[in-house]
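Here is the structure we will look at, set down as structure tokens.
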Amino acid sequence: MIPRALDRATDVLLVVDVQNDFCSGGRLAVPGGEAVVRPADHLMTRFDHVVLTQDWHPAGHLSFASAHPGRRPYETVDLDYGPQILWPDHCVQGTPGADFHSDLNLVRAELVLRKGFDRRIDSYSAFFENDRTTATGLAGYLRDRGLRRVFLAGLAFDFCVLWSAEDACRQDFAAVVIEDACRALDIDGSQAEARRRLAAAGIPCIASGDLADRAVRA
Ligand code: VGL
Ligand code: ZN
């Protein structure tokens, strides 16, 4: 079932990590990452509730390969909480790479949620850090505000968007991924794996064009 009709009172658009370091020329560039800006800007005008996430790491973050002598980006290491892919340094707090893309229209965001700020724990999901137990507070925020269905857009489809969508589901929200407003890193087949995981969780992937306001329900 593709949910075409938006309910402006209880739907929220979660725009994930549309930051310079994930766009072309950035330190962890997602291929074509900047292409999500235009659809995301358009989507934000369609929702009454918009939340942005911002990857926000201190220098020396343990998800950075540079924090592990002898290790290289995209290798996996075991941290206290389990396996962790090592990344190039990215989205370092206060640096231009951590800023939102300059064409992303921030005006309608009611919350900007920063994540990954604990030096020892990465946070792909907007709901839980990668130890899978430390909550970010987003579930409480959404519940307290009566928001029940989360539409996701942004970067990267196969990491922060995927993990956020799965956790939204686990936290009893409905989740829908708007795929043309996402781009994937696609490391070792991670894009196809993300599609499989979303399907397994019953999370639909739709196109922006599939959405209609309730008044013009097709
Ligand atoms: C992300 C890897 C590391 C993402 C963030 O936004 O998908 N991926 N940090
Ligand atoms: Zn990160």
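We did not get these values from a lab; they are worked out from the coordinates using the rules stated. What you see is a predicted model; the values in this text were computed from it and never measured. Counting neighbours? That spans all protein chains shown, and the Cβs are built from the backbone with ideal geometry, glycine included.
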The farthest towards the positive end of the charge dipole of the stretch 1-103, of the residues Ser24, Leu79, His57, given +1 on Cβ of Lys and Arg and -1 on Cβ of Asp and Glu, is Ser24
Ranking Cys169, Cys91 by Cβ neighbours within 10 Å, fewest first, what do you get? Cys169, Cys91
From fewest to most C-beta neighbours within 10 Å, the residues Ile187, Ile178, Ile85, Ile121 line up as Ile187, Ile85, Ile121, Ile178
Can you compute the charge dipole magnitude of the chain about its Cα centre, using +1 on each Lys and Arg Cβ and -1 on each Asp and Glu Cβ, nothing else charged? Give it in debye, rounded to the nearest 20. 480
Taking other Cβ within 10 Å of each residue's Cβ, how do Val50, Val37 sort, fewest first? Val37, Val50
Please report, in whole Å³, the volume per residue of the convex hull around the C-alpha atoms of the stretch 71-218. 145
In whole Hz and in residue order, list the ³J(HN,Hα) couplings for the stretch 111-128 that follow from phi through the Karplus curve 6.51 cos²θ - 1.76 cosθ + 1.60, θ = phi - 60°; x for Gly and Pro. 8, 10, 9, 8, 8, x, 8, 7, 4, 8, 10, 7, 8, 6, 6, 6, 9, 9
Nearest 5 is fine: what % of DSSP beta bridges in the chain come out antiparallel, could you say? 20
In nanometres, the difference between 0.36 nm per residue of separation and the alpha-carbon distance of Tyr81 and Ser24 is 17.4 nm
Can you bin every Cα-Cα distance in the stretch 22-93 into 10 Å intervals starting at zero and give me the percent of pairs per bin, rounded to whole numbers? 17, 38, 27, 16, 2
Calculated P(r) tail over 17 Å for the stretch 39-150, as whole % of Cα pairs: 60
